[in-house]
Every structure is written in C-alpha cells, then in structure tokens.
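Taking it in order: structure first as structure tokens, then the write-up.
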Amino acid sequence: MDALKDAMELNKPAKIIAVGDITTCNLIESGILPDICIVDHLTCRVAVSDGVLKRIQHPAFAEISVENPAGSITLELVTSMEKAMRSGDRTRIFVHGEEDLAVMPAVVLAPASSIVIYGQPSSGCVLIRVTPEKRTEIQELLRQMEYDSDDDTLWRMLNED
C-alpha cells in the first residue's frame, strides 16, 4: 500500500472512491483517507471484524445510509453517490444490502482522473482510473442490465454523456 500512497500523491486523483469494507480499512490503515467509501459491514457475505468496523468508522466521514439489495443498483444508492461526489465532505455510504455493484456507478459519476478501488476476494484490490473511455465502457455494461420500469431516472443518470 505504500506504493499506492506514493502513486496517489504523485498523480493527485480528483476523488478517491473505495468500495468495500476491507478495501476502505486497508486504505485508512495506509494513511489514505478516501473521499467516498461505500461499505456494507460484510466481506464475502460474512460480518467484518470489530477491528475493521472501528477503522472504517473514521470520524472524518459524514454517513449516509441507503437500501440496495444484492445484485442491484438502486436509485437511492446512485443519488447518494452523486450527492457525495458533489459534496466537499468525505462521505461514508452505508449500504443495507450489498455494495458490490456500486463500482459501476462510481466510475460513471466520478470526475475524470478519480480512482475507484474495490476488493477482489482472494486476489487483492483493483484500481480503476476514471477516464472518458472507462466511463463509456462501464456505461455500455450498464445498458445491458435490466431495469424496472420505474427506474427510468436511474437509467438516465447512469447513461448521460
């Protein structure tokens, strides 16, 4: 993580967005405080340890709670992420449900040059640098997903160019 910290200081990302409790915890332990973290207090569908909970409850974060069932991207989640992106405050979004798919709207909504970091179980962390090309790639994936008829607003939010 020291190399990651050095790379971030050198490249000055617009925003640092962490998705996942362990990823957020590891960043904080390494001295990197994300601008936005999205957590659900689970890792591999098992409750995280008290130590992880304590670290991710960092006092620098304002907290927002949202509902987001497993395998879903809800309008509530995306709206809270959009609000956090505009805010100058560090924000922890606590998800009742599952935050795994939050990586996709994070890439679409984040300013260019931001980084989105998420955990890959048994493999480590994945870092995505937000570029126009990466945003378009994720939007193409999102267009292939099924949306409920009442999620038209969500679809538009994630597919604007």
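Residue pairs whose Cβ atoms lie under 6 Å apart, separated by 6 or more positions or on different chains, with the first residue in the stretch 82-97 and within 17 Å of Val116 (Cβ to Cβ) and the second surrounded by fewer than 16 Cβ atoms within 10 Å (Cβ to Cβ) and acidic (Asp, Glu), are Arg92/Glu63. In the condition set (1) over 24 Å from Thr43 (Cα atoms); (2) modelled with pLDDT of 95 or more; (3) not in a helix (DSSP H, G or I), Glu133 is compliant with all but (3). Under the condition of being of a type in the set (Val, Ile, Thr) and surrounded by fewer than 20 Cβ atoms within 10 Å (Cβ to Cβ), which residue from the stretch 34-47 is modelled with the lowest pLDDT? Top of the filtered list is Val46.
The values are calculated or read from the model by the stated rules, or taken from the named source; none is laboratory data. For clarity, every value in this text was computed on a predicted model and none was experimentally measured. FYI the Cβ positions are ideal-geometry reconstructions off the backbone, even for glycines, and counts take in every protein chain you see.
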